[in-house]
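S.K.: What follows is a single structure, and I will ask about it in a moment.
Readers should treat all values here as calculations from the given coordinates under stated rules, not as data from a laboratory. Remember, it's a predicted structure, so these values are computed and weren't measured experimentally. Glycine also receives a Cβ, built like all others from the backbone with ideal geometry; neighbour counts cover every protein chain displayed.
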Amino acid sequence: MSSTQFDGDIDSFVSYLKSNRGLSANTLKAYRADLTACLHLFELRGVTDLNEITLDDLRSWMAVESRDHARSSMARKTVAVRGFFAWAYEHGLTTTDPAVTLMTPSIPSTLPAVLTESQAEQLLDVAEHAVATNQYKDDGGAAAAPGSGKAAGKTADKSADTVNRSEAPARADKRDNARVTAESQRNAAILELLYATGIRVAELVSMDIADIDFSNRTIKVTGKGNKQRVVPFGLPAQRALETWLEQGRPVLARTATDAVKSRAANALFLGARGGRIDQRIARDIVHRAAREAGVPDISPHALRHSAATHMLDGGADLREVQEMLGHSSLKTTQRYTHVSIEQLKNRYGQAFPRA
């Protein structure tokens, strides 16, 4: 990331947002990058004082940025820049606010991609079948040492560090089989939880074991702006989570170094090396599962859309779905009613004789 002479002002603004707005670390990182790129462009044009920047300059910056960025990205960049100059004016860094009338690009309203209920069932059935297929009983220990039991007397004269070479591959296979089973159990639990609760992938990977309450089948979710909500889940998700926690998680936890293990001690989901799972791996799990199930390629966010749509189709109240998804605005949740209407129109066109 390029540095600018305005980095100190950017740091102060980001600190202000962190303290007063409760924005997520990812949002703060994006805002910092947006502002740095914007002010770096003006610095290249010879600007040395924030007071030199005008509304026309900001519009020119938008024209340059819009060549390589989608409208959704431009909307975020504009919000960051407009917020920065409003803050600078309020704190006496500028004598005017040049961005006060800077317009946010309109974003076309698009319907989110969703699975049908039968496709969602197929996706989860395949994940459950993978667990059954890869089931492997892991006793948590190494293979018995040569010379143990009745044969001990015959091998007592052998050196204690001598290993039967034929047993080494067997132990390696055992570890590999246990890991494959554990990952299958983890993947099934991730898919079940994403669909059952409609949580975001960032919320999923940040969850701790203590966030699950099995007694009433709810999870505590920390969403955008560190806002917390409680979301229910069903019996299939409970079973998948219990299997993962009791059987799969201990296997992956054993692969971690001490440093990684201490950092991920409370994490609900682990990666292959025993650390807290990251968003990229979680997304890959969903994409791979969709391919294996033969359903349309989807992301974790599409599972969130699917959960919301299926709840509304089943008669859930819009406010209830808003609460479950953690939407700050009901308008965001209302998109899913449009999805339901579109699906109804499609079914109508296929089934009604005078459609």
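S.K.: From largest to smallest, what semi-axes in whole angstrom does the stretch 1-134 give when each is the square root of 5 times an eigenvalue of its alpha carbon gyration tensor? Walk me through the intermediate numbers first.
M.R.: Values: eigenvalues 327, 63, 39 Å².
Result for the stretch 1-134: semi-axes of 40, 18, 14 Å.
S.K.: Which of the aspartates and glutamates could a cross-linker span from Lys220 if the Cα-Cα distance has to be under 18 Å and same-chain partners fewer than 8 positions apart are dropped?
M.R.: Qualifying aspartates and glutamates at Cα under 18 Å: Glu192, Glu203, Asp208, Asp211, Glu242, Glu320, Glu323.
S.K.: What ratio of Cα Rg to 2.2 N^0.38 Å holds for the stretch 48-94? Don't jump to the answer; show the numbers that get you there.
M.R.: Working: Rg = 11.7 Å, N = 47, 2.2 N^0.38 = 9.5 Å.
That works out to 1.23 for the stretch 48-94.
S.K.: Along the principal axes of its C-alpha atoms, what lengths does the stretch 194-254 span, in descending order and rounded to whole Å?
M.R.: If we take the Cα atoms of the stretch 194-254, the spans are 34, 25, 19 Å.
S.K.: Next question, about the same structure. Amide H of Asp208 versus every other amide H placed in the peptide plane: which residues, excluding those fewer than 5 positions away on the same chain, fall under 5 Å?
M.R.: The answer is Leu268.
S.K.: Principal axis lengths of the stretch 248-305 from Cα atoms, whole Å, largest first?
M.R.: Projected onto its principal axes, the Cα set of the stretch 248-305 covers 40, 20, 15 Å.
S.K.: Just order 259-265, 183-189 by mean Cβ neighbour count inside 10 Å, highest at the front, would you?
M.R.: Put in order of decreasing packing, that is 183-189, 259-265.
S.K.: To continue, here is another question. So what are the radius of gyration and Dmax for the Cα set of the stretch 164-289, in Å?
M.R.: Rg then Dmax for the stretch 164-289, in Å: 15.5, 57.
S.K.: Show me the ranking of peptides 247-258, 207-218 by mean Cβ neighbours inside 10 Å, starting with the highest.
M.R.: 247-258, 207-218
S.K.: Ratio of Rg to Rh for the stretch 14-80, alpha carbon only, Kirkwood?
M.R.: Value, to two decimals: 0.99.
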